[in-house]
Amino acid sequence: MKSKVFDMIEKERQRQENNIELIASENFVSDDVLRAVGSCLTNKYSEGYPTQRTSGNRGRYYGGCENVDELEEYCCSLWRQVFNTDYHVNVQPHSGASANLAAYMSVLKHGDTILAMSLDNGGHLTHGSPVNFSGKLFNMVFYDVDASGRIDMQDVRAKADACRPQLILAGASAYSRTIDFKAFSDIAKSCGAYFMVDMAHIAGLVAAGDHPSPFGLADIITTTTHKTLRGPRGGIIFCRPELASKIDSAVFPGCQGGPLEHVIAGKAIAAAEACSPEFAEYIHNVVKNCKAMCDEFISMGYHVVTGGTDNHLFLLDLTETGLTGKDVQNELDKHRITLNKNCIPGETRPPQLASGVRIGTAAMTTKGYTASDFVKVAHKIDDIIRSMK
Ligand code: DSN
């Protein structure tokens, strides 16, 4: 039975080795991250926080935590270094969704109003989708994008004035343009709302200086560690020091039990890697490659949402081809090109079909692809789409 599991893992290893990976939220971690995540730390229970932590916590609920205490503190200090910040850090969230849940629970009550970006426009499930806890627990109001698909800051201002939200959220899962955190922060201040940023997709770009930083502007910042940050699957929350105890108690005992110390070790390794000049160089290449590939699609006549990209991803609007995102995703799978169907602004199809596909360059840049490799892949995708019509 065990060999069957290892056979499955091997098949997935081969798939990852042989396919062209364009899912914008995926990446390939280093051997050191894999080693840390596969370590004996998986055996350890450590509910609570390191005893020396200053956010008013009562320490750990288990003995034998001296090593994981040291590890968790070190991990937090490394992430502060990555983003050059003195914000408080909590590295325990199991995922981006858990981080967002804890962030909301730290400062909001059931029924409070959140102003955010909808799933169709590029937001995330946890940004208020009616099928998610966020849409069920809170009164969600969504700001719009303009005709080109860019966030409409005038609409953000108008909606904030009208609904007086307790929290304004900036951040997205499928948005290819720079987000104006300063403008969001000004609007949040003017209506007395908390300002939260979910930087999961662009965190690597923020670390490398290729996207403006939300630190100093946002009250709470959440991220995953496995996308452009190229770490293990997991979440992190940063907050202004005065919110530290609210965030810590919302994560544990509010939303989670024992932290995953083996994943925290992987997060620490990823942070150490993200501090290096090589990481910044890598991210500059991700952005350069993304622009090259996106421009090639535009020159072949494709409609790209917002007309281009400033970051690691872009969205192809397939409406004019008559094909659905699902059709294209499935056909590309047969040719070992992996991406995901995605809703586009003004979507008319259900998300299971969708009218677009999302393309990202973080994973294949890790594998060494250059701009000209991505241009070749754009033509390969075009050939496949043409053969489907
Ligand atoms: N589902 C992730 C993505 O693909 O963007 C976000 O959590």
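The values are calculated or read from the model by the stated rules, or taken from the named source; none is laboratory data. Please read all numbers here as calculations on a predicted model, not as lab measurements. Note: ideal-geometry Cβ built from the backbone for every residue, glycine included; neighbour counts use all protein chains shown. With ligands, DNA and RNA removed, areas are computed over all heavy atoms of the protein, side chains included. Shrake-Rupley method; radii C 1.70, N 1.55, O 1.52, S 1.80 Å.
Of note:
- When Ala97 is tested against (1) among the aliphatic types (A, V, I, L, M); (2) within 16 Å of the ligand (Cβ to nearest atom); (3) open to solvent by less than 20 Å² (accessible area, probe 1.4 Å), just one condition goes unmet, and that condition is (3).
For (1) among the hydroxyl-bearing types (Ser, Thr, Tyr); (2) touching a residue at least 40 places away in the same chain (Cβ under 8 Å), each residue gets a yes or a no:
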site	(1), (2)
Leu217	no, no
Thr223	yes, yes
Leu229	no, yes
Pro241	no, yes
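- Of residues in the stretch 123-145 being within 16 Å of the ligand (Cβ to nearest atom) and in a helix (DSSP H, G or I), the one farthest from Gly234 (Cα to Cα): Gly135
- Considering residues of the stretch 1-54 that are out of contact with any Asp or Glu (no Cβ under 6 Å at 6 or more places or on another chain) and of a type in the set (Lys, Arg) only, the residue nearest to Cys65 (Cα to Cα): Arg53
- Scanning the stretch 227-240 for residues that are touching an Asp or Glu at 6+ places or on another chain (Cβ under 7 Å) and not in a loop (DSSP other than H, G, I, E, B) turns up just one, Cys239.
- Test result for Asp120, part of a loop (DSSP other than H, G, I, E, B), surrounded by fewer than 22 Cβ atoms within 10 Å (Cβ to Cβ) and within 16 Å of the ligand (Cβ to nearest atom): yes
Yes/no per residue for (1) crowded, with 16+ Cβ neighbours inside 10 Å; (2) under 24 Å from Thr223 (Cα atoms); (3) over 19 Å from the mean Cα position of the chain (by Cα):
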| residue | (1), (2), (3) |
| --- | --- |
| Asp248 | yes, yes, yes |
| Glu261 | yes, yes, yes |
| His284 | no, yes, no |
| His303 | yes, no, yes |
| Leu315 | yes, yes, no |
| Leu318 | yes, no, yes |
| Thr321 | yes, no, yes |
| Val328 | yes, no, yes |
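- Some residue of the stretch 160-169 being open to solvent by less than 30 Å² (accessible area, probe 1.4 Å), small (Gly, Ala, Ser), farther than 13 Å from Ile114 by Cβ and at pLDDT 95 or above: no
- Looking only at the stretch 352-376, residues that are open to solvent by 10 Å² or more (accessible area, probe 1.4 Å) and at pLDDT 95 or above come to 13 in all.
- Filter result for Gln81 (open to solvent by less than 10 Å² (accessible area, probe 1.4 Å) and either free of Cβ contacts under 8 Å to residues at least 60 places away in the same chain or not hydroxyl-bearing (Ser, Thr, Tyr) (or both)): no
- Checked against the criterion of being open to solvent by less than 20 Å² (accessible area, probe 1.4 Å) and either of a type outside the set (Gly, Ala, Ser) or within 17 Å of the chain's Cα centre (by Cα) (or both), the candidates Pro241, Pro212, Pro232 yield just one match: Pro232.
- Note on the stretch 100-112: among residues that are in contact with a helix residue (DSSP H, G or I) (Cβ under 6 Å, 6 or more places away or on another chain) and within 15 Å of the ligand (Cβ to nearest atom), the one that is most open to solvent (accessible area, probe 1.4 Å) is Leu101.
- Applying the criterion of being within 14 Å of the ligand (Cβ to nearest atom) and either open to solvent by 20 Å² or more (accessible area, probe 1.4 Å) or more than 11 Å from the chain's Cα centre (by Cα) (or both) to the residues of the stretch 215-229, the residue that is nearest to Ser98 (Cα to Cα) is His226.
- The number of residues in the stretch 332-374 that are away from the ligand (no atom under 15 Å from the Cβ), assigned to a helix (DSSP H, G or I) and not basic (Lys, Arg) comes to 9.
- Tally, over the stretch 10-27, of residues that are within 16 Å of the ligand (Cβ to nearest atom) and open to solvent by less than 40 Å² (accessible area, probe 1.4 Å): 6
- Check on Ser148, within 16 Å of the ligand (Cβ to nearest atom) and either in a loop (DSSP other than H, G, I, E, B) or surrounded by fewer than 21 Cβ atoms within 10 Å (Cβ to Cβ) (or both): no
- Ile381 in contact with a strand residue (DSSP E or B) (Cβ under 9 Å, 6 or more places away or on another chain), open to solvent by 60 Å² or more (accessible area, probe 1.4 Å) and either modelled with pLDDT of 95 or more or basic (Lys, Arg) (or both): no
- Single residue of the stretch 170-211 satisfying the filter (aliphatic (A, V, I, L, M), without any contact (Cβ under 8 Å) to a residue 60 or more places away in the chain and within 14 Å of the ligand (Cβ to nearest atom)) that is farthest from Gly234 (Cα to Cα): Ala172
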